[in-house]
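One structure is given here, and the rest of the page talks about it.
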Amino acid sequence: MTRTHQTATEPQLWDDETLDWLEAEAIYILREVAAQFQRPALLFSGGKDSVCLLRLAEKAFRPARFPFPLLHIDTGHNYPEVIAFRDARAKELGERLIVRSVEDSIRRGTVRLAHPLESRNRHQSVTLLEAIEEFGFDCLIGGARRDEEKARAKERVFSLRDEFGQWDPKAQRPELWNLYNGHIPPGWHVRAFPISNWTELDVWRYIARERLALPSIYFAHERPCVRRGRLLAPVTPLTPPKEGEVVEPVWVRFRTVGDMTCTAPVESRATTVEAIIRETAETMISERGATRLDDQTHEASMEQRKREGYF
């Protein structure tokens, strides 16, 4: 099920000049990727950031087809509403969607779980690197933003990965005057981030302005949850309550829509894009800080995963 932006009857909640500038920069980066790389792919999960990327790609390349396929690394633990949206949106655009599954990596033995209910989120890196090798991708376009998390703030727009898919934050190229160097040694690849300079609020304002459809779980709804520290954990067949935890119905929405084993909703009554924009403008907690159970282990957890090939 998807939701679309509702008709705005309220004062404009965004600044067109800022969004125009961010949009123009992102389109420029997408065209640089198309010009500099032989086999790029755009990572599309069905989440709000990649929904914006698709819109930007339409503006960059239509009426032609995109000069790259869409790629999703499916953990098998994604929310079904998001997977249905992913497939419907790719079909609507008429673009090629490649899906590679962590489940397949488990069957091959390249991913080994400590126990059946272990989160597969971290293991996506293995499946992603296998997909890069299978298709020979030399650039992956992602929807990461610098405001999400401090490790992502260290990334360049064109971010190098070595032949093992590893990232070295101390060995990055300067990008003076928005000049992006896509020259890479054989076997290396680049992660390109066209909306790196956007904030979560910019994304929601762009969704409002462009009237983009989203998976329904981005909007407030009632869901059984348990409280773990300062975070909510959704109760699902994959994430049952622990002994002693109290299950309660809570009005929530998702700020991000990753793997259900590690993505927490936030309390909210925001059922429209306009209401979400207001909430986002007022929050003092970063998107990942408010929603990711897997980032709570230690301060450098994201940076360590990125060094290993994570998005």
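The values are calculated or read from the model by the stated rules, or taken from the named source; none is laboratory data. Treat the numbers as computed from the prediction; the structure is a model and nothing was measured. Ideal geometry is used to build each Cβ from the backbone, glycine not excepted, and the neighbour counts take in all protein chains shown. Side chains included, ligands, DNA and RNA excluded: accessible areas come from the protein's heavy atoms. Shrake-Rupley method; radii C 1.70, N 1.55, O 1.52, S 1.80 Å.
Residues in the range 101-115 carry Karplus couplings, in order, of 10, 4, 4, 5, 5, 5, 5, 6, x, 7, 10, 10, 8, 5, 7 Hz; the curve used is 6.51 cos²θ - 1.76 cosθ + 1.60 with θ = phi - 60°, and Gly or Pro positions show x. What FRET efficiency, computed as 1/(1 + (r/R0)^6) with R0 = 35 Å and r the Cβ-Cβ distance, is obtained for Lys154 and Arg96, rounded to the nearest 0.05? FRET efficiency, Lys154 to Arg96: 0.65.
Please check: in the Gaussian network model of the chain (C-alpha springs, under 10 Å), which one of Pro67, Pro186, Pro224 has the largest mean-square fluctuation. Evaluated over the chain, the most mobile residue of the options is Pro186. Other residues whose C-beta falls under 9 angstrom from the C-beta of Gln172 contribute a net charge of +1, scoring Lys and Arg +1 and Asp and Glu -1. In terms of overall dimensions, the C-alpha atoms belonging to the range 214-295 reach 38, 24, 19 Å along their principal axes, ordered largest to smallest.
Each listed q (0.10, 0.15 Å⁻¹) maps to a log10 I(q)/I(0) for the chain from the Debye sum over equal C-alpha point scatterers, namely -0.55, -1.33.
Partners of Lys170 within straight-line reach, counting lysines whose Cα lies under 19 Å from its Cα and excluding those fewer than 8 residues away in the same chain: Lys150, Lys154, Lys306.
Taking Val246, Val257, Val235 and ordering them by how much accessible surface each has at a 1.4 Å probe, largest first, produces Val246, Val235, Val257.
Note on the range 27-98: percent of Cα-Cα distances in each 5 Å bin, starting at 0 and stopping at the bin with the largest distance, equals 3, 15, 29, 26, 15, 8, 4, 0. The mean accessible area for residues of the chain, using a 1.4 Å probe and ignoring ligands and nucleic acids, is 46 Å² per residue.
Taking each DSSP H run with n ≥ 4 as -39500 (n - 2.57) and averaging over every residue of the chain yields -10000 deg cm²/dmol at 222 nm.
Measuring only protein heavy atoms, the 1.4 Å probe finds Tyr28 accessible over about 90 Å².
Compare Ala281, Ala144, Ala41 in a GNM of the chain, Cα atoms joined below 10 Å, and give the one with the largest fluctuation. Maximum fluctuation in the GNM of the chain, among the listed residues, is at Ala281. Of the trypsin sites (Lys or Arg not before Pro) found in the range 50-123, those in coil by DSSP whose Cβ has at most 10 other Cβ atoms within 10 Å are Arg112. Annotation note: trypsin sites (Lys or Arg not before Pro) in the range 173-278 located in DSSP loop regions with a Cβ neighbour count of at most 16 within 10 Å are Arg211, Arg230, Lys242, Arg269. Using a probe of 1.4 Å, the accessible surface attributed to His221 totals some 40 Å² when neighbouring protein chains are kept in position. With springs connecting C-alpha atoms under 10 Å apart, model the chain as a Gaussian network and identify which of Leu13, Leu53, Leu232 has the largest mean-square fluctuation. Maximum among the listed residues: Leu13.
If you take the Cα centroid of the range 214-281 and the Cα centroid of the range 59-133, the two points sit 23 Å apart. Counting every pair of alpha carbons in the range 111-153, the share spaced more than 16 Å apart comes to 58 percent. For the range 100-166, the set of GluC sites (Glu not before Pro) satisfying both a DSSP loop assignment and a count of at most 15 other C-beta atoms within 10 Å is given as Glu118, Glu163. In whole percent, and with a 1.4 Å probe on the protein chains, what portion of the accessible area of the range 5-84 is carbon and sulfur? Accessible surface attributable to carbon and sulfur in the range 5-84 totals 50 percent.
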